[in-house]
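Here is the structure we will look at.
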Amino acid sequence: MARHNLTALRILLTSTVLAGPALADPLIIDETSLREDRLAPGLYPAAPVPEEFALPSEPGHPPVEIDWSVGLKGSYSSTTSGERFVTTLNPAISATHQGVRTDLVLEGDAELARDTDGTLGVTGLDLDFSTTTRLDRDTTVNGGASLNLSRDLPSAPGLDPVIIEPPLSVTGRLDGDIDRQFGKFNLGLDGTIARTAYGPTTRSDTGVTDNSGQNVWEGDATLRLGFQATPIIEVFTEAGLGRDWYDRTGAGGVKADATSRTLRAGLAGQWNGLVSASASVGIGQHDFDNASLNDITTRLYDASITYTPDPTLNLTAALATTVEPTGADSTGTARVAHTATASLDYTVNSWLRLRASADWARSWLEGSTETEQRHGAGIGADYKVNAHTAVSADYGYAHRDNSASGVLESHTVSLGVTVRR
């Protein structure tokens, strides 16, 4: 029996020795080693080596990116009223802040012109501020403010020849809109309030004309509801309400305060970033507070299309109907205009860009016999000398037939250079 037990013990020991290499080595804890490596009070582990453990840092960028440019252009015009050469200086600046949710953009540009007779003046000034905020995946809020100043030179093509000094026009505007998606429904609400004021006009026939009767406040609100019928096509309807408040009575001895209402329905579509288009038809009413003025009811046609087969080519066309205040030096109550425009922009390569445009318009003044038809076309090219300098060349043709001031045709050739940041 003892021999049998000894034999079993030998077998057990042998199998344990044979299985040993297949098992992990046992964990041996050296408490002495731990005591020697223990940190003294006030000492901390060293930081890892940056070259081995640190992630590469993102390139830094300023919170506001500022760009500027200065352009100098000379234009020669041959018109039915004579020849004209004008030199213009066009400074421009922009500041952009791109935030996590909100983007801010401030832009400004001006035009300083010198006429053939040496007349020097500021013919244009624009300041625009805009902001875009993405509240969530389905909601976007936009806002903006702008200030525009403009004044034609006395020799501007198409200006009434009896005008010695054209009026200064100043327009300030505040606008905002919010867009929200509810599944397949798109809801948009936008509002605008604007103030336009005109300076006096100096004329050779009647002296100084006070245009303060055309100073006007304008308020407009639009509600748009669209249904995404397919991933490409949206069906929408749009309703608008507007109000015009004039400072005082105009040339006819009455105030042209009015309330406008519009209603449109149409289709909009966008296909793969290649083509985007919209078309709508509706009706517009312009009701004057004064019963002696004839209210205006007109059909509204709006359409636009943009074709961009690749980043180098952009084709656009648009058709629109507007009812708006008449502006300075006018005896009418409102201007109704139908306009059509088209443009082409083609980037041949990194140095050369080609441009072309065409326009057509027909308008008339309510409360007046004045009507106008015009059309025009233009071509141009921009050539980059280097990363900061570009030269441009343009040709433009314009034809205007106004029942009050007659027919005007003009051919204009321009050459310019622009330096950018």
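For residue 413, all conditions in the list (1) modelled with pLDDT of 95 or more; (2) of a type in the set (A, V, I, L, M, F, W, C); (3) surrounded by fewer than 17 Cβ atoms within 10 Å (Cβ to Cβ); (4) within 26 Å of the chain's Cα centre (by Cα) hold save one; what is the number of the exception?
Single failed check for residue 413: (4).
If you scan segment 232-250, which residues turn out to be open to solvent by less than 70 Å² (accessible area, probe 1.4 Å) and basic (Lys, Arg)?
Passing the criteria: only 243.
Within segment 318-336, can you find the residues that are within 27 Å of the chain's Cα centre (by Cα), assigned to a loop (DSSP other than H, G, I, E, B) and among the polar types (S, T, N, Q)?
Listed by number, the list holds a single entry, 326.
Would you point out the residue of segment 174-210, among those that are over 21 Å from the mean Cα position of the chain (by Cα) and among the hydrophobic types (A, V, I, L, M, F, W, C), that is least open to solvent (accessible area, probe 1.4 Å)?
Here the answer is 197.
Quick check, is residue 163 under 30 Å from residue 255 (Cα atoms), among the aliphatic types (A, V, I, L, M) and in contact with a strand residue (DSSP E or B) (Cβ under 8 Å, 6 or more places away or on another chain)?
Considered against the rule, which asks whether it is under 30 Å from residue 255 (Cα atoms), among the aliphatic types (A, V, I, L, M) and in contact with a strand residue (DSSP E or B) (Cβ under 8 Å, 6 or more places away or on another chain), residue 163 comes out as yes.
Mind checking whether some residue in segment 343-353 is in contact (Cβ under 8 Å) with a residue 40 or more places away in the chain and over 24 Å from the mean Cα position of the chain (by Cα)?
No; the residues of segment 343-353 include none that is in contact (Cβ under 8 Å) with a residue 40 or more places away in the chain and over 24 Å from the mean Cα position of the chain (by Cα).
What number of residues in segment 251-288 are surrounded by fewer than 14 Cβ atoms within 10 Å (Cβ to Cβ) and over 21 Å from residue 239 (Cβ atoms)?
5
Identify all residues within segment 323-362 that are crowded, with 18+ Cβ neighbours inside 10 Å and of a type in the set (Gly, Ala, Ser); write none if there are none.
Selection gives 328, 330, 332, 334.
In segment 375-404, which residue that is aliphatic (A, V, I, L, M) and open to solvent by 40 Å² or more (accessible area, probe 1.4 Å) is farthest from residue 420 (Cα to Cα)?
Among those that are aliphatic (A, V, I, L, M) and open to solvent by 40 Å² or more (accessible area, probe 1.4 Å), it is 404.
Among residues belonging to segment 130-172 that are in contact with a Gly (Cβ under 6 Å, 6 or more places away or on another chain) and among the hydrophobic types (A, V, I, L, M, F, W, C), point out the one that is nearest to residue 106 (Cα to Cα).
147
Do the conditions hold for residue 277, that is, is it of a type in the set (Gly, Ala, Ser), closer than 29 Å to residue 217 by Cβ, in contact with a strand residue (DSSP E or B) (Cβ under 7 Å, 6 or more places away or on another chain) and in contact (Cβ under 8 Å) with a residue 12 or more places away in the chain?
no
Quick test of your reading of the structure: residue 244 fulfils all but one of (1) more than 23 Å from the chain's Cα centre (by Cα); (2) in a loop (DSSP other than H, G, I, E, B). Name the failing condition by number.
Failed condition: (2).
Which of the residues belonging to segment 360-390 are closer than 30 Å to residue 292 by Cβ and assigned to a strand (DSSP E or B)?
361, 362, 363, 364, 365, 366, 371, 372, 373
The values are calculated or read from the model by the stated rules, or taken from the named source; none is laboratory data. Quantities reported herein were computed from a predicted structural model and do not represent experimental measurements. Don't worry about glycine lacking a Cβ; one is built from the backbone with ideal geometry, like all the others, and counts go over all protein chains shown. Heavy atoms of the whole protein, side chains included, go into the accessibility calculation; ligands, DNA and RNA do not. Shrake-Rupley method; radii C 1.70, N 1.55, O 1.52, S 1.80 Å.
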